[in-house]
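In what follows, a single structure is set out as structure tokens and then discussed.
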Amino acid sequence: MRITSARAWWVRIPIEASRQHKSDFGQLTTFDAAILRIETDDGLVGWGEGKNAAGSAGTYAALVHMLNHEVAPRLIGRDPADIAQIWEMLYNGVRHEKAAAAGHAMPELSRRGISVAAISAVDIALWDILGKSLGQPVWRLLGGRKADRLPAYASGGWAPADRIGEQLQSYIDAGGFRSVKMRVGAMDGAPHVSAARVRAARAALGPEVQLMVDAHGTYTVADAKRFAHMVADCDLTWFEEPVIADDKAGMAEVRAAGPVPIAAGESEATRFAFRDLAVLKAVDVFQPDPAFCGGITEAMRIGALASAFNLRLSPHLWAGAPCFFAGLHVCAASPASFVIEYSLGANPMIHDLVEDDVSVSDGLIAIPDRPGLGFTIAESFLEAHAHGA
């Protein structure tokens, strides 16, 4: 079996006005991603996704161009089952043969950003092909699944203090969620405004619902500590991205200053960055994004690091279908996983891009049983919203 073609598109899907929300990213009017299609000489097709921006915001012309004009030619003729070797070939570039022989990485200078986003898209698609070629779901190839359904948390929460409880309760009513996440930080201005929203949420939900908060890395270290002190009695499950990802020492300072667990990682690429988070004692929960961190292969390595450092894994899955399904398989197979992010904002990149139902019932989401990643792309919908590069 050999790869015969690889083609990526910038897929931009409008979000209906009534479902748009405003956060520190601004008013989000579209959901964007780079979607990759890889085909083999026996007709198997694998789908991948690469991201270069958090959430659904961002432009993808550069990433799609890189996939189509730099990465794709290097894949033609390769055995798609050589997943780890292709990963290392793309990561190490012209020195990949030397790196393989020496037994250690010798990456290109462009070893982060869109380079790893492109590797992520390829890796996800190759796992999809491998599963389909063997007639097995990807989680079985990763070592088996811990359960056929796993807990999910509702991810959203932008409403002001007088409506945040109602908004989060609507999530619980919709899917029976036992845990919810709300946004805080720069979207509110001063830390006390976010703290008031969190206190209002806790008062409305009661003590039994797990409550997470996400600042999208928009606080300074000082303001993150101030905010954490203000909500110290709200029993938060985690405080996500309190400061920018580039300030790992600052994140460690926030973690050491109080009792609230810290979660981070959606802005990190490769196991090496997560190793640094662990060694610096900066986080309690790793949140790699499969479409940015290096794909399924790297997410599983990151999960192994989490287990080795007695931390936990909850991937960032505010994403399109290939990334989201990749996260389901990683969580099913990783001993360190414990909860799955489920977007309660408008997400046509999951719900409209595939023909499958992606829903949560009684707070649990099913792990696919079908070969590969377990979804079917709605190709006519993709074509209607795809832009080449």
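Of note:
- Amide H contacts of G372: G131, K132, Q136, V138, each under 5 Å away and 5 or more positions distant or on a separate chain (H built 1.01 Å from N in the peptide plane; Pro and chain starts excluded).
- Accessible carbon and sulfur surface of the chain relative to its total accessible area, %, 1.4 Å: 51 percent
- Each residue of region 236-243 was assigned a 3J(HN,Hα) from its phi angle through the Karplus curve 6.51 cos²θ - 1.76 cosθ + 1.60 (θ = phi - 60°); the sequence is 6, 6, 7, 10, 8, 6, x, 10 Hz, with glycine and proline shown as x.
- Share of Cα-Cα pairs in region 256-389 lying beyond 27 Å, as whole percent: 24 percent
- Counting DSSP beta bridges with both ends in the chain, the antiparallel % (nearest 5): 55 percent
- For L313, the residues whose amide H sits under 5 Å from its own are F286, S337, F338, ignoring neighbours fewer than 5 places away on the same chain, with H placed 1.01 Å from N.
- Pairs from the table (K248/K281; K51/K98; K225/K281; K22/K181) lying more than 20 angstrom apart at Cα are K51/K98.
- Cα pair distances in region 223-292, grouped into 5 Å bins until the bin that holds the longest one, percent each: 3, 19, 32, 23, 14, 7, 3, 0
- Nonlocal amide H pairs with D356, under 5 Å, H built at 1.01 Å: T376
- Set against the 2.2 N^0.38 Å expectation for a compact globular protein, region 66-164 has a Cα radius of gyration ratio of 1.47.
- Each residue of region 154-160 was assigned a 3J(HN,Hα) from its phi angle through the Karplus expression (A = 6.51, B = -1.76, C = 1.60, θ = phi - 60°), giving 7, 10, x, x, 10, 5, x Hz with x at Gly and Pro.
- Whole-Hz Karplus values for region 271-280 come out as 4, 5, 5, 6, 4, 5, 4, 5, 5, 7 Hz, taken residue by residue from phi with 6.51 cos²θ - 1.76 cosθ + 1.60 and θ = phi - 60°; glycine and proline positions read x.
- With the biggest extent put first, the Cα atoms of region 126-200 measure 53, 26, 16 Å across the principal axes.
- Rg ratio for region 164-289: its Cα radius of gyration over 2.2 N^0.38 Å, N being its residue count, equals 1.03.
- Compactness of the chain was expressed as the Cα radius of gyration divided by 2.2 N^0.38 Å, which yields 0.95.
- Value of Rg to Rh for region 1-57 (Rh from inverse mean 1/r over Cα pairs, i.e. Kirkwood): 1.17
The values are calculated or read from the model by the stated rules, or taken from the named source; none is laboratory data. Every value quoted in this text rests on a predicted model; they were computed, and no experiment measured them. For accessibility, only protein heavy atoms count, side chains too; no ligands or nucleic acids. Shrake-Rupley method; radii C 1.70, N 1.55, O 1.52, S 1.80 Å.
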